[in-house]
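Visitor: Sharing a structure here in structure tokens format.
Every number in this text was worked out from the coordinates using simple rules, so none of it is lab data. These numbers come from a predicted model, not from an experiment. Quick reminder, even Gly has a Cβ in these numbers, built from the backbone with ideal geometry, and neighbours come from all protein chains shown.
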Amino acid sequence: MASVTISNVRKNYGAVSVIHGVDIDILHGEFVVLVGPSGCGKSTLLRMIAGLEVISAGTISIEGKVVNQLEPKDRDIAMVFQNYALYPQMTVAQNMSFALELAKVDKATIKQKVDAAAAILGLEPLLDRKPAQLSGGQRQRVAMGRAIVRNPKVFLFDEPLSNLDAKLRVAMRAEIKSLHQRLGTTVVYVTHDQIEAMTMADKIVVLNAGRVEQIGTPLELYDRPINRFVAGFIGSPAMNFVRGTLLPGQAGLKVASGAVMVIGAYPSELVGHEVEFGIRPEHIQVADGGDLQARVEVVEPTGSETHVVVDAYGEKLVALIRRRMPISVGDTLPIAFEEGQAHLFDAESGKRLGVEASSC
Ligand SMILES: Nc1ncnc2c1ncn2[C@@H]1O[C@H](COP(=O)(O)OP(=O)(O)OP(=O)(O)O)[C@@H](O)[C@H]1O
Ligand SMILES: [Mg+2]
């Protein structure tokens, strides 16, 4: 277990700057997930922690010790990649032993560590197989086994589950999480996947174009996104946004079509402000007595819930409905926004404005 401190870290590839001064404090034993759009710098940051990329400026410390100049092998870190990078000609046991053999660990200790990791990961029956004779999920477990035997201070994962099918992903997600709970090792985990980030993280770091947008617990980011970017990035289906001007007397939001949308209470000091009103799909209620009339454009049943795309005053909104209801394209539905669940962002800067979305 170890803490990792990233201070004002920058990365340039020649004249191109891709990480612009990132600060992240990772505590002992914490499970930290890095998320962000493709190309935002997640892998670059992870590779800098591992020592596989030179740090252009700033410092990375592990357990309080600056490691900028340390070789990857001296950082006591194990990295699991998306493509697993197993040696095809070696058996599972050899793949797992390899790093320890390089480190000149004695044979009996290697066997003991490999057996222990194999037991944790359910790999005992597979130790004599080659990678080509394994399923994707089994290969993934070997890659993790290879990391575990080294008993590192920090695990780094770069999208380790993205090659797996949906069912296996769910199973491996639970396995990695429970492994973390048992070993207590600090983890930095990169993913594209919303659900992975929300379910696995103690703390999520949202990156965008080489900068940190927000750091917080999954529910902090979900309930109180600091800006429009985070609000739109965290949550699936994504938050709805409607741009408009807040009218006096709590009348609502004047939208592009000129119509007024009733949005619930907002601070009176924001009257006249151009804003983006944000509402999550599950906070749009379809019910008699709803303030808005909305026309149904798309109905997407998923089984457990239904996503309904509606048009309200020229604005497209997605509502998530958990009850079974007879809804068809072309219907007109009364909808309402759940009180206390609105988010308001400055239309120009995207910054959150003074309303609280109460968490439930
Ligand atoms: N060797 C390199 N030379 C120049 N630019 C690079 C190099 N490696 C990465 N980049 C650039 O750095 C930026 C960050 O890349 P990085 O691989 O860290 O993104 P990422 O967040 O991991 O994306 P993805 O989700 O697609 O894996 C990208 O714009 C990429 O094009
Ligand atoms: Mg990447």
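Visitor: Mind sorting VAL114, VAL271, VAL212 by how few other Cβ atoms lie within 10 Å of their own Cβ, fewest first?
Guide: Arranged by neighbour count, lowest to highest, VAL114, VAL271, VAL212 become VAL271, VAL212, VAL114.
Visitor: Something else about it: So, in Å, what gap is there between the alpha-carbon centers of the stretch 1-74 and the stretch 239-276?
Guide: 41
Visitor: Once phi is turned into ³J(HN,Hα) by the Karplus curve 6.51 cos²θ - 1.76 cosθ + 1.60 with θ = phi - 60°, what whole-Hz value does each residue of the stretch 59-76 show in order, with x for glycine and proline?
Guide: Residue by residue, the stretch 59-76 yields 9, 10, 10, 10, 6, x, 10, 5, 10, 2, 9, 7, 5, x, 5, 9, 8, 6 Hz.
Visitor: Assuming R0 = 41 Å, can you tell me the calculated FRET efficiency for the pair SER17 and ASN163, based on Cβ-Cβ distance, to the nearest 0.05?
Guide: 0.85
Visitor: Using +1 at the C-beta of Lys and Arg and -1 at the C-beta of Asp and Glu, which of ALA116, SER349, GLN285 has the Cα lying farthest in the positive direction of the dipole of the chain?
Guide: ALA116
Visitor: Using label points projected 7 Å from each Cα along Cα→Cβ, tell me how many nm separate LEU70 and ALA119, to one decimal.
Guide: Each label point lies 7 Å from its Cα, and together they span 3.0 nm.
Visitor: Right, here's the next one. How long are the semi-axes of the equivalent ellipsoid of the stretch 27-172, defined as square roots of 5 times the Cα gyration tensor eigenvalues? Whole Å, largest first.
Guide: 27, 20, 13
Visitor: Among MET144, VAL329, VAL230, whose Cα lies farthest out toward the positive end of the dipole of the chain, if unit charges sit on the beta carbon of Lys, Arg (+1) and Asp, Glu (-1)?
Guide: MET144
Visitor: What nm distance separates the two modelled labels at ALA287 and VAL262, each placed 7 Å from Cα along Cα→Cβ?
Guide: If labels sit at ALA287 and VAL262, their model points lie 1.3 nm apart.
Visitor: Take the chain, compute every pairwise Cα distance, and split them into 20 Å bins from 0; I just need the percent in each bin.
Guide: The distribution over the chain is 26, 46, 24, 4, given as percents.
Visitor: By counting other Cβ atoms within 10 Å of each Cβ, how are TYR87, TYR189 ranked from fewest to most?
Guide: Going from sparsest to densest Cβ surroundings: TYR87, TYR189.
Visitor: Would you list, by chain and number, the lysines whose Cα falls below 28 Å from the Cα of LYS177, excluding same-chain residues fewer than 8 positions away?
Guide: Excluding near neighbours in sequence, the set is LYS42, LYS65, LYS73, LYS111, LYS113, LYS130, LYS153, LYS167, LYS203.
Visitor: Report the charge-dipole magnitude of the stretch 4-229 in Debye, nearest 20, computed about the Cα centre from +1 at each Lys and Arg Cβ and -1 at each Asp and Glu Cβ.
Guide: Dipole of the stretch 4-229, to the nearest 20 debye: 360 debye.
Visitor: Let me ask something additional. If you take the beta carbon distance between THR302 and ALA209 as r and set R0 to 22 Å, what does 1/(1 + (r/R0)^6) give as a FRET efficiency, to the nearest 0.05?
Guide: The calculated FRET efficiency here is 0.10.
Visitor: Which of these, VAL154, VAL260, VAL318, has the largest mean-square fluctuation under a Gaussian network model of the chain (Cα springs below 10 Å)?
Guide: Top of the fluctuation ranking is VAL260.
Visitor: Given labels modelled 7 Å from the Cα in the Cβ direction, how far is it in nm from GLU274 to GLU63?
Guide: 5.4
Visitor: In a GNM of the chain with a 10 Å cut-off on Cα contacts, which of LEU320, LEU246, LEU70 has the highest mean-square fluctuation?
Guide: LEU70
Visitor: Hey, with R₀ at 51 Å, roughly what FRET efficiency would ARG243 and ASP106 work out to, going by the Cβ-Cβ distance, to 0.05?
Guide: With R0 = 51 Å, the Cβ-Cβ based efficiency is 0.15.
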